[in-house]
Structure formats: C-alpha cells, structure tokens
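For reference, the structure discussed in these notes is given below.
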Amino acid sequence: MKPRRVLAIARKEYLQIRRDPRSLGMAIAMPMLLLVLFGYALTLDVDRVPVVIWDQSESPASRELISRFAGSRYFSLKGYVRNYREVERGIDSGRTLMALVVPRDFAGQVGSGRPAAVQLIVDGSDSNTATIAIGYAEGVVQTYSREITLRATQGLGGRPLNPPVEMRPRVWFNADMESKNYIIPGLIPVIMMVIAALLTSLTIAREWERGTMEQLISTPVKGPELIFGKLVPYFVIGMFDVLLAVLMGEFVFHVPLRGSLLLLFVMAAIFLVGALSMGMVISIVAKNQLLANQLAMILTFVPAFILSGLVYAISVMPWPIRLVTYLVPARYFVALLKGIYLKGVGLNVLAGEAALLLVFAAAMVALANFQFRKKLG
Amino acid sequence: MINPQNNKAVVVKDLERRFGKFVAVNRVSFDVAKGEIFGFLGPNGAGKSTTIRMLCGILAPTSGSGTVAGFDVRTEAEKIKAHIGYMSQKFSLYEDLTVEENIDFYSGIYRIPPERKRERKEWVLEMAGLREHRHSPTSVLSGGWKQRLALGCAILHEPPVVFLDEPTSGVDPISRRQFWDLIYELAGRGVTIFVTTHYMDEAEYCDRIGLIYRGELIALGTPAKLKTELMQEDVLEVHCERPQEAMEQISNLRGIKEVALFGKGLHVVTEDGAATAKLLRAVLPEKGYAAPRVEPIAPSLEDVFVSLIEARDRAENNQPAVQA
Amino acid sequence: MAAIRMAGLTKSFGDLRAIDGLTLDVEEGEIFALVGPDGAGKTTTMRLLAAILDPTSGDAWVAGHHIVKEAEAAKEDIGYMSQRFGLYTDLTVIENIEFYADIYGVPRRGRQEKINRLLAFSNLTPFKQRLAGNLSGGMKQKLGLACALIHTPKVLFLDEPTNGVDPSSRRDFWRILYQLLRERVTIFVSTAYLDEAERANRIGLMDHGKLLAVGTPEEVKRLMRGTILEIRTAEARRATAVLRATLPPGSVSLFGDRVHVVTEDVQGAGDRVREALAGSGIETSELRPIEPTLEDVFVSVLGSSAAATSRT
C-alpha cells in the first residue's frame, strides 16, 4: 500500500465533500437532529398525563382531591365534563388519557368516615403509559386519604398511625431514574451506526454510477488504497459527530459522564471504523446509490435500534433473539457507553465488549477489501 | 387555426431559451417547408435538443415565437404533440414487449381509431421489415431494426411533421442507409422531416441544413450553398508521402489557416488557393516529400463547419463554460 | 514484439458472444482504429485490453503483460479513456490531473513540467481552475486524454473519444494523437465514424464481435467488391427510383444530391444508367467512378458476410 495513493484518494474525497456543502451539512446536522428528536421523544418517563374531571359531588372535599391532581407534575388538567359520552369523546380524540369521576355522595362518605370510591377511566391502548399513570393516580389518592385519616385521628386526639411495612427503594447508577441518562448514551451508537453507514454507502456506488470507477480501476491503484483513502475523510466527519453528540449529552441533556472520556473516544473510533467499513461493503455490493442508501438504512437502523439493548433489555429477550443481538455491533457500543457514562467503569470490566467491537471493525475492514474487485461485471 | 404561411411546416422567429443566466438557444430564426428534409446540426450542448424540445411543445421558450404544423409552440403545445412524430436516439421502445405489443401500445397512445389500427400496424411491420418478427421480444432485435420500429411507432398517427433526434447514432452503415431510404420515402409523400445528426456526411443528405453553435444559428442553407458561399477560404487537397509529418511543415507556411488529415490525404485551408498550391508544389519536394499532388477541391461540409466554428471561436476569443 | 497481441480473445455475457475469437497484433508506435457500429464489441475489446474485464477464453498481452495474470503490471503501462467521461466533474481540471498523477505515482521531480506540458498541448492551460463538469465536450475529452497520459503510458486505449464532439475539436484531438505517435506511444482507438478511421495507420472493421477486415485503409478499401459510380443530378430522388427499377436490388443508394451505383461492370452499368435516366427525362450533371469510402467497404463486406438486413 502506497501512502501517497491513499492520501491522493483521501484528498480527492475531501475536495468532493467540501464542494457538496449540502451533504456535509446533512452529515453534521443529522446526528444532532436525531439526538434531539429521539432524546426527547424516546424518554420513558411519563409526566403531564392529560386528565379530565367529572365532578358529580361539587363539594369542598371533591375540589380538594381535584386540586391534588392539578397540583401534581404528573398530571395536566384538561377540563371538566358532565357525562360519560364526553369522557369517551375526550379519550377517543386523544385529548385526554384519563378521566377522574368523583361520585355524587363523595363528600358525605368522606365526612362520615366511610370508604369513598372514585372512578378512574384510563385509555389502555398504550398499556405502558396507562400502568404508569394509574400508579401515579393511586399515589395521589392514597396521599389524600392518608391525610384525611390523619386529620380524623388527630381530631380524635390519637397518635398518627404508621404503615407497618415500608419499602424504601434505592436506585443505583441512575439515581433519579431519569430515562434520558441511559437513553442518550444508548442513542449515540445507534445514530453513529446509521450516519456512518449512510456516509460511506454512497461513495463507491457513486463512482460506479458516474463512470469514474471505470477510469480508476484502469490504473494501478490497489483496492485497500482506495478503501482506506475513502475511509479517512469520513472517519474525521464521524469523529466530529461523536464529539458533537458527547457535547450535547453534556450541555443539552446534562447526562453525567462518570467514566473516562479517552476510553469513550477510543471505543467510538473503533466502532466508527467498523460502521464506515460496513457502509463501504454495502456500497461495493450494491453498485447503485439508491439501493446502497436503502440497504444501509435497513441494515443499520432497525437492528441497532431494536436489538442493541437501547429500547429493550437484551436480558429479557427470548434466547434466539438474544443470539442474534451478538451480531449487532451497536450492542457492544451501547453496553460500553452505558458502562462508561452511568457506571464509570473502565476496560477491566468492559474488555469483553471492547474486544468484540474490535472484531467487528476488523471483520468489516477485511470484508470491504475482500469484496472490492478491480474488474467490471 | 390556419397557418398564414401555408407551405411552411415549421416557422421559428427569434426563439430564445435561457436557463438562469445561461442562454441555451439565442434568438434563433428559420423555417422549414412542407416535405423538406431539414438537418439540424451542432456539437453536443450547442442547443440542438433544447430547440427540438421547444418545437415539440415540451419546453416553453423564454421569448420569441414559433409554429409547428400551424400550431403555436407557446399556446397550443398539446395540439402540436398530436400532430408530430418524435423519435430520439434513445429508442423509446419497451424492450420486454414484443414488436406487435409495442405498436399496439403506441396505437393506444396516439388514439388511432379502431378501424385503422390493423392497417397502420401492418404498414409499420412492412416498412420496418418486421413481418416475420412481430411476436419477437423487442430486446432481441438488432439496432437497425429497433430504429425502424421506433420510427414506425413515431409515425403511426401519420403526423405531417416528424422530429428525429440523432436517429442513426451508433447504427451500422447498412441500417443507416436503409433508414435514410425511409426518410426520403416519407419526404416524398409530403412529410416534413426535422433531423439532427452529428455525422457530417449525413448532413449532405438533407435538403437544407442549419448549424447551431453555442445557442446561435451560425449557418443556414442548402449543402451546396453552404459549401460555395459560406466558406471564404479555399480548400486544397494534398496527397504526399508521410502526410502526418507533412502536416506540420505545411501548417507553418504563410497564408495557411488549417491543415487536417482527410482520408489518406490532407485538406489545406488557405486564403489564396492558387498561391498556396504553387507554394506547396515548390516547397514539399524541397523538404523531402517527393511528387506531391495538390488540387483545389470543393470543401466538404465538415471543412465549412470547422471554418465557421473556428471563426466564431476566434471572435469570442476564449471558450466559455458549457452548462449541462 | 507487438505492443498489443490478442489470441482467440473471447468474451461472452450469458448467451451473447460479445467478442468472438479475436486474433490480432498491433505494432509499437502505430495508431490502430477499431471501427464498427454500436454493439459490435468495440467497448468490450477495449475493456478486456485495459485489464478491467476478464475474458471468457483466449489470451491477450499488452506491453508484454498478460491481461489476466499480470493485470496490475499491465495497468502501469497503459492509459485508458473510457467511452463515458470518467473524471470527476466536481474537481477542477488541475485537481483531476494531480489526482491521477498521484495515483500513478508520477515522481515529484519533473512532475510540474509534465503537467504544464500536458495542459499546454491540450490547450487547457487557461481552464485549469475550471470544474471539469463545466467544460465543453471537446475540452472534456482533452482532459481525459491528459489524465490518461500523465504517467507516459506505452499503450493508449481510447474508447470512442470523439463521439458527439464537434468536428473542430475532433480535428484537434487527432492532431494531438499524431504528436503522441512521435513518442512511440501505441494508440488503440475505437470509433463509430468511418471517415475518422481513415486517419489511422491500420483499421479493423468489427461487427458482431468479429473482425471482418484488418489492414491499412487502402488495403481494406481493396476489399470492396465492384466499383462505385457516382451520379450527380438535380433530381436525385427521382433518379434513384428510376435506377432501382432497372438495376439489381441493393446496388443503388441515394446520398442527398448524389446517387451511388455499385457495379462489377463499370462500362455496362454506366450505359444502363445513362439510358434509364435519359428515358425518364432526367439530366445528369456528372457520372464517374469514385474511390470507395470506408463506409462503402463496410456495407459491401457486411452485405456479403450475411443477409445483413435481417440479422438479429
């Protein structure tokens, strides 16, 4: 391999990228956009659940309960209704997720110390959100009823009663259970996988399509020289994207970084080489920009998103799918980044993942070189 | 719509088309008589295709006017499309359909009345010599056959004007000759043929030709007129030994504008044919080219075009960029 | 040793034999033109010789290197210009040239002079900062040639370099080729223009993957069966119709204001032509035998090799 040829190819790619500011802009803006989009949309916390109220009681007691809901950060009051038809309409139209129905004799029952029932109607079509919302509602109602009991017993002059057993959960690594803290480190690999593969998926297919490859393969240039030369500028762009993502994690999402920044970048570099080479392989095989683009999108985004452990925990997947996840390079990088970001651990713990990432990168580089032919047809 | 100039099939006046700042066609004016074979020549990117597209009603002119078969290119584009035939270098046939299916498809497109369909189809098969191959897939036909079938499909609806955009590009010489026979036959029946080509020899087969260069029509007339009137210089044909070497010696002589290899001889373009002939007969043997034959000849169309194009280039002094 | 040697070179694509047993030697320092219509196999031949396509069978050597076994060595010694413009339209003229200079490993010493010389002789010096995509067709071809010549190749392959280029640029292009010959470069060029082929030292007429004839233009012209009589008349179209009715089928062709009649018997045919035209009241301004063009030869050779009109 002659360094001069690699350099010539790299320089040519650089000039071409520079002359195409739209694509370069895309390569830089896309990851930021995706990070913001997914960072906010993918958050698994449920808050500000829209709720409507049917207050049949219209009493100070019912209004107090309602004010608890209104005051909670988990709920957002969307108004009052007067019958079930309106409740149904609200849920059907998606204006509300939940309706609280306070019965007519609510005040009387509370006042007389008898158990009072309130009805909660929940849109169960998104069962995950519904379950969480019910949990919140139960919490609000329980707090409220405990206070009533407290007031009643104090009024009677007795001592406040404590529940006999209390669970005190303790969350490690992401103490405030903010999902963004593990979504963002998990998103970086997925986005980098897609962007990197897309970047390189066009580069060789474009040369075939435009007829420049026919000229190029008639010269003594070697396959590896061409492939490495093309990798260089895209690697620079990719690393810049990683830097941007890390900066956004720090300053936009305030995700705490506990581990080594150096380790993070070294791993990112290995991952990037693998992902870029994978795009190159796709480009070499497809020989057509449109096909290469679509292949790159399908082959990277779906597996990286679903099977990397970002959205669904790998440990709870059925075993055949779990085996498949070993073929998804993003899996190792997700594990690495989560480890570095949330647990602050180093290579002593993550060596396995790092090794597999290295295997992936090496395999892709080898495959790209193996697939590339300096022949037509 | 009645065309005031009844014997004209195509009338173009100050036709102009710009793409942004780039003037693709610059105030071009000409007309083509009914039944005439009009050759439209020029290098790639000179404005040939843009002009044809405007005449076919596919592209609106920026300014100027034109009529084709009596219809206005600005306001009656759809009528034009029904009254012309168009065939391009990229034969617009469906390779996976059979010969007959292609013809049927175009019958439908041109809305040939049902009672005429059969007759027109047989006519095309006959003309293209494809009777025995009506059920063959188009993909197996040779270039010449495809070209004749494409022409047949383009004139199924018996249009009075036919546009042929580099119809013979890359076809073997026998097919080219047969194709020109068809063109002559159509013209003989009063069909107007508007044809582009970059084969200079083919240009000579046309009744009249127009040469477009960088968007401007720089010559217009019969081949004979162009050769006698538009070429100010004289052309000498020189036969001698080692013509490639001699070429350089000759081009350094006084009064010589251009020397080009032409066949096995040289064409020498000069301001004064008689003087140069004398000079050559004297100089060449001195330099070791024994017994040269030097004769004044009528310039070929290629000589004329090169002379015109180079005169234009000299006038503009430098070559501007060409945009796609 | 021959600069290019082909021995039974064959290339099939599926059932189609694009190149069928080509055997041919091209000598060092010669311009050889491969002539034929689209689909004759010219481009496939070029690609095989440029070692970017492997033959199905047969062998070929270029500058002494076998095109399959020593493909990479061959590529050091050849310059190739594909039919489609193969350079980067988003790079400038000079960037394209420098790119290829690096790819071919042209030594730094003397490189600048070399680039300047190439720019000068292709008249591209004033345009060296222009994007290749904004060049005219003729200039693009010259840039392609400059890039193919940057490493001083021994053999140059040019696939239809003048297709669609204006006649003035075509002449320019050929002038450059002749200058190259003086440096003993072997030039193998393909063209669909038969008139252009006459400028080559030797030509090969190609059709359907086979060479129909090889030789100097004069030698090839001698293959012409019969003689061509040229008739000039103001009523050329009518004259053609009249002559076609009296003379053997296929022997009469119309070329604008001229009619050509191919015949073995010049005297007899001349008399019949005069008689037939006079009988129809057509005046002829000229009737004389002319030297055949390569196209006439091609038609003659093709016509005798098969029932050419009904080939599939």
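The values are calculated or read from the model by the stated rules, or taken from the named source; none is laboratory data. These numbers come from a predicted model, not from an experiment. All Cβ positions, even for glycine, are placed from backbone atoms using ideal geometry, and neighbour counts span all protein chains on display. Just so you know, the surface numbers come from the protein's heavy atoms only, side chains and all, with ligands and any DNA or RNA stripped out. Shrake-Rupley method; radii C 1.70, N 1.55, O 1.52, S 1.80 Å.
Tabulated results
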{"read-out": "Unit Cα scatterers, Debye sum, segment B:61-174: log10 I(q)/I(0) for q = 0.09, 0.21 Å⁻¹", "value": "-0.26, -1.14"}
{"read-out": "For q = 0.12, 0.16, 0.21 Å⁻¹, Debye-computed log10 I/I(0) when each Cα of segment C:1-158 counts as one equal scatterer", "value": "-0.57, -0.94, -1.29"}
{"read-out": "Interface burial for C against A (accessible surface, 1.4 Å probe, total of both chains, Å², rounded to 100)", "value": "2800"}
{"read-out": "Residues A:Val36 and A:Ser125, FRET efficiency given R0 of 30 Å [Cβ-Cβ distance, rounded to 0.05]", "value": "0.65"}
{"read-out": "Solvent exposure, largest accessible area first (probe 1.4 Å, DNA, RNA and ligands not counted), of B:His133, C:His208", "value": "C:His208, B:His133"}
{"read-out": "Net length gained if the chain between C:Asp25 and C:Arg274 were fully extended (0.36 nm per residue, minus Cα distance)", "value": "85.0 nm"}
{"read-out": "Equivalent ellipsoid, segment C:115-154 (semi-axes from 5 times Cα gyration tensor eigenvalues, Å)", "value": "17, 11, 8"}
{"read-out": "B/C buried area, accessible surface, summed, 1.4 Å probe, Å²", "value": "4200"}
{"read-out": "Tail weight of P(r) past 16 Å, computed on alpha-carbon pairs of segment B:232-298, percent", "value": "32"}
{"read-out": "Relative contact order for chain A, counting Cα pairs under 8 Å that sit 6 or more residues apart, in percent", "value": "20"}
{"read-out": "Neighbourhood charge, 11 Å Cβ-Cβ cut-off, centred on A:Val345 and excluding it, Lys, Arg +1 and Asp, Glu -1", "value": "+2"}
{"read-out": "Relative contact order (percent, whole number), segment C:227-291, Cα cutoff 8 Å, 6+ residue spacing", "value": "52"}
{"read-out": "Evaluated at q = 0.07, 0.08, 0.11 Å⁻¹: base-10 log I(q)/I(0), Debye formula over Cα of chain C", "value": "-0.35, -0.45, -0.76"}
{"read-out": "Local net charge near B:Thr98, Cβ-Cβ under 10 Å (Lys/Arg +1, Asp/Glu -1)", "value": "-3"}
{"read-out": "Vicinal HN-Hα couplings computed from phi for segment B:207-217 (Karplus, 6.51 cos²θ - 1.76 cosθ + 1.60; Hz; Gly/Pro x)", "value": "5, 9, 9, x, 10, 10, 9, 6, x, 10, 7"}
{"read-out": "Normalised contact order of chain B, rounded percent, pairs of Cα under 8 Å and 6 or more residues apart", "value": "18"}
{"read-out": "In Hz, Karplus ³J(HN,Hα) per residue of segment B:276-285 (6.51, -1.76, 1.60; θ = phi - 60°; x = Gly, Pro)", "value": "5, 4, 4, 4, 5, 4, 7, 6, 4, x"}
{"read-out": "Kirkwood-based Rg to Rh ratio, the protein assembly as shown, C-alpha trace", "value": "1.13"}
{"read-out": "For chain B, built as a Gaussian network whose Cα springs stay under 10 Å, the top-fluctuating residue of B:Gly190, B:Gly39, B:Gly170", "value": "B:Gly170"}
{"read-out": "Inter-probe distance in nm under a simple model that places probes 7 Å from Cα toward Cβ, at C:Arg222 and B:Lys13", "value": "6.2"}
{"read-out": "Cut-off of 10 Å, at most 12 other beta carbons, DSSP loop: longest stretch of chain C lacking such GluC sites (Glu not before Pro)", "value": "C:1-182"}
{"read-out": "GNM flexibility winner over chain B from B:Val12, B:Val259, B:Val28 (Cα, springs under 10 Å)", "value": "B:Val259"}
{"read-out": "Rg to Rh quotient for segment C:227-291, alpha carbon positions, Kirkwood Rh", "value": "0.90"}
{"read-out": "Cβ-derived FRET efficiency at R0 45 Å, C:Asp15 paired with A:Leu291, nearest 0.05", "value": "0.95"}
{"read-out": "Exposure ranking of B:Thr75, A:Thr300, C:Thr43 by accessible area [1.4 Å probe, largest first]", "value": "B:Thr75, C:Thr43, A:Thr300"}
{"read-out": "Value of [θ]222 nm, deg cm²/dmol, for chain B, DSSP H segments ≥ 4, -39500 (n - 2.57) each, nearest 500", "value": "-10500 deg cm²/dmol"}
{"read-out": "Residue-averaged [θ]222 nm for chain A, counting only DSSP H segments that reach four residues, each worth -39500 (n - 2.57)", "value": "-22000 deg cm²/dmol"}
{"read-out": "Antiparallel bridges, percent of DSSP beta bridges restricted to the protein assembly as shown (to nearest 5)", "value": "60"}
{"read-out": "Accessible area (Å², 1.4 Å probe, nearest 10) - C:Leu243", "value": "0"}
{"read-out": "Simple label model, 7 Å out from Cα along Cβ direction - B:Arg131 to A:Asn348, nm", "value": "9.5"}
{"read-out": "Förster radius 30 Å - calculated FRET efficiency between B:Ala224 and B:Lys264, Cβ distance, rounded to 0.05", "value": "0.70"}
{"read-out": "Kyte-Doolittle at least 0.0, axis length at least 27 Å by Cα - qualifying DSSP helices, chain A", "value": "A:21-41, A:127-156, A:180-210, A:223-251, A:261-286, A:347-371"}
{"read-out": "Accessible area in square angstrom per residue, the protein assembly as shown, 1.4 angstrom probe", "value": "45"}
{"read-out": "Ratio Rg/Rh [Cα only; Rh per Kirkwood] for chain B", "value": "1.05"}
{"read-out": "In order through segment C:110-117: 3J(HN,Hα) via Karplus (6.51 cos²θ - 1.76 cosθ + 1.60), integer Hz, x for Gly, Pro", "value": "x, 6, 4, 4, 5, 4, 4, 5"}
{"read-out": "For B:Asn44, residues with placed amide H under 5 Å, excluding near neighbours", "value": "C:Asp166"}
{"read-out": "Convex hull projection area averaged over all views, chain A, Cα basis, nm²", "value": "25.4"}
{"read-out": "Choice from B:Ile52, B:Ile80, B:Ile297 showing the highest fluctuation, given a GNM over chain B with Cα pairs closer than 10 Å", "value": "B:Ile297"}
